[in-house]
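No value in this document is a laboratory result; all are computed from the given coordinates. As the structure is a prediction and not an experimental result, all values here were calculated from the model. Note: ideal-geometry Cβ built from the backbone for every residue, glycine included; neighbour counts use all protein chains shown.
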Amino acid sequence: MRSYEMNFDGLVGPTHNYSGLSVGNIASRNNASAISNPKQAALEGLAKMKTLADMGLKQGVLAPQERPNIYMLRQLGFTGDDAKVMRDAYQQAPSVFLSCCSASSMWTANAATVSPSADTADNKVHFTPANLTNKFHRATEPEITSRVLKATFSDTSRFVHHAPLPFNEHFGDEGAANHTRLCANHSHSGVELFVYGRYAFDESKLSPKVFPARQTYEASQAISRLHGLSPDNAVFIQQNPDLIDQGVFHNDVIAVGNENVLFFHEQAFLDTDLKLAEIKQKLRADSLHYICVQTSEVSVENAIKSYLFNTQIVTLPSGEMAIIAPTECQENEQVNRYLTTLIQQNTPIKHVHYLNVKQSMKNGGGPACLRLRVALNEDELNAVNPSTVINQLQYDRLTTWVNKHYRDKLAENDLCDPLLLHEVRTALDELTTILNLGSVYTFQQN
Ligand code: SUG
């Protein structure tokens, strides 16, 4: 049976804003307090999904979350009606309030880790929502993420949904942003690469000094156990801690894989040669392409600024691969030169497409951050909630929905406008009908 990679992009939520919440993520910190345009952000995201669908790729969408997160603010002691909760929180604890307004669930690379049925012991697709413990604004995502994933992949005979790992930094898990799968092609069992930033239970090991390592070795190991992977189809690699300290807060900022291609910066990992040899030995694929970018070709600074590695490498229906890059890669002289040369070389990557996702990029989220990869065989594909699949009809409906409900300007003090919460709930209520999700939101259940 044929298998495909399907990308599920996060629909940008109506409160998309710049609050500088992510220490270690340079773009997020640099754009703190900038005025955002949620409508443009959501339309850029939808245009990206439509472009990939039009290229003949399987494309889905995952719903955003309800923000401001009134429930969390109440849990933290704010009382009264919703308007009072928002006003008091903004006045008394502005940083906490802003954390409860983030639309960060849009970066679905952090929604979960997914292992395809070709790799797992029970031949089912396994999902573990990421606990995202390192950042408070992100640690509030997993519960609704889990509901959205279950509403998207509801067939329990094919899809297994695990609980997030324990909510503790020892098991800090950032999902697929630190997970790549290599395989001869998607129909074959593969080798899953788990990239972690530190060891939680062994302080003698190397770890970053300036910025946090969000993913632990122990978390990656737990996911691989839960998903029923055998030691033959998992490889654990430590991220270079010096790069985390330079702003590489997830592995997908410095490496990306697709089928038999691993595209990475020479400084991305520790023990690189050893790990590349282990992958080769476990994969047993006839052809494996390691595309290692030298520092002399692209500096780490330019890689971070342009998000060269936060690109998506996709296999086109023709069998050739294309790289989907943010326009920042085109605008960066060194990176543009590199990509122009890359597609002429003897690798499967033959095309480069530039997409504008600037609203997301300003928060440190490139094309690859916006998507969750799910490799599915034809039967599994048919079991996906069809309303979450992007085609012309759903694209048109979602575009109309965004234009109807989203603001085109959001400054910090707009976030405590009680009308905003009303707008968000009205929009999300309508969205659950468009995507046929059922009542996934808490406000729909009360
Ligand atoms: O977790 N930014 C996100 C970006 C996530 C990118 N994802 C991947 N690399 N896969 C983060 O740092 C910024 C929000 C703010 O500052 O308002 C933010 O959460």
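Over all Cα atoms in the range 1-109, the spread is summed up by Rg and Dmax: 17.0, 58 Å. With a/c under 1.5 counting as rounded, go ahead and sort the range 269-319 into rounded, prolate or oblate using the C-alpha gyration tensor (a ≥ b ≥ c being the square roots of the eigenvalues; past the cut-off, prolate if a/b is larger than b/c, else oblate). Because a/c hits 1.5 or more and a/b fails to exceed b/c, the range 269-319 counts as oblate.
Converting phi to 3J(HN,Hα) with the Karplus coefficients 6.51, -1.76 and 1.60 and the offset θ = phi - 60°, the range 162-169 yields 8, 6, x, 5, x, 7, 8, 4 Hz in sequence order, with x at every glycine or proline.
With Cα atoms as the point set, the range 250-384 shows a radius of gyration and Dmax of 15.2, 47 Å. Could you pull out which residues in the range 349-385 have an amide N less than 18 Å from a spot 7 Å beyond the Cα of residue 210, following the Cα-Cβ vector? The answer is 364, whose backbone nitrogens lie closer than 18 Å to the label point. Highest GNM mean-square fluctuation among 294, 59, 238, for the chain modelled with Cα contacts below 10 Å: 294. Taking amide H atoms as placed 1.01 Å from N in the peptide plane, the amide H of residue 60 lies under 5 Å from those of 7, 8, 9, 390, each 5 or more residues away in sequence or on another chain. Here the range 209-277 has an Rg and Dmax of 12.8, 35 Å, counting Cα atoms alone. D by Stokes-Einstein for the chain, Kirkwood Rh over Cα pairs, 25 °C, 0.890 mPa s: 113 µm²/s. Maximal additional length on extending the residue 411-residue 327 stretch stands at 27.7 nm, based on 0.36 nm per residue less the C-alpha distance. Here the label points at residue 143 and residue 187, each 7 Å from Cα along the C-beta direction, are separated by 4.4 nm in the simple model.
When the chain is fully extended, how far beyond the present Cα-Cα distance does residue 230 get from residue 122, taking 0.36 nm per residue of separation? Intermediate results must be reported in sequence, preceding the final value.
Details: separation 108, 0.36 × 108 = 38.88 nm, distance 1.14 nm.
Extra length from residue 230 to residue 122 when fully extended: 37.7 nm.
With each label modelled as a point 7 angstrom along the Cα→C-beta vector, the residue 79-residue 221 pair spans 4.6 nm. Between residue 266 and residue 35, the simple label model (points 7 Å from Cα in the Cβ direction) yields a spacing of 4.5 nm. Cross-link reach is defined here as a Cα-Cα straight distance under 19 Å, omitting same-chain residues fewer than 8 places apart; for residue 275 the aspartates and glutamates meeting it are 192, 218, 232, 242, 252, 259, 266, 286.
Over the chain, calculate the relative contact order: mean separation of alpha carbon pairs under 8 Å at least 6 apart, over the residue count, as a percent. The partial results should precede the final answer.
Values: 962 pairs, mean separation 103.7, N = 446.
23 percent.
Candidate cross-link partners of residue 362 among the aspartates and glutamates, defined by an alpha-carbon separation under 14 Å and a same-chain spacing of 8 or more, comprise 44, 328.
Residue-wise HN-Hα couplings along the range 208-216, as the Karplus relation 6.51 cos²θ - 1.76 cosθ + 1.60 with θ = phi - 60° gives them from phi, are x, 9, 9, 10, x, 8, 7, 10, 9 Hz; Gly and Pro carry x. Within the same chain, lysines fewer than 8 places from residue 84 are excluded, and of the rest, those with a Cα less than 24 Å from its Cα are 409.
Helical runs (DSSP H, four residues minimum) scored at -39500 (n - 2.57) apiece and divided by the length of the chain put the mean residue ellipticity at 222 nm at -9500 deg cm²/dmol.
Distances between every pair of Cα atoms in the range 344-388, grouped in 5 Å steps from 0 to the bin holding the largest one, split as 5, 15, 13, 13, 16, 21, 12, 4 percent.
For the residue pairs 50/404; 48/350; 124/150, the C-alpha atoms sit no more than 23 angstrom apart in every case.
Solvent-free Debye calculation, one equal scatterer per alpha-carbon of the range 390-445: log10 I(q)/I(0) at 0.14 Å⁻¹ equals -0.45. For the pair residue 430 and residue 358 in one chain, pulling the backbone fully straight at 0.36 nm per residue adds 23.3 nm over the alpha carbon distance. Between residue 242 and residue 281, the C-beta separation translates, for a Förster distance of 30 Å, into a calculated FRET efficiency of about 0.65. Per the Kirkwood formula applied to alpha carbons, the range 162-227 shows a radius of gyration over Rh ratio, Rg over Rh, of 1.02.
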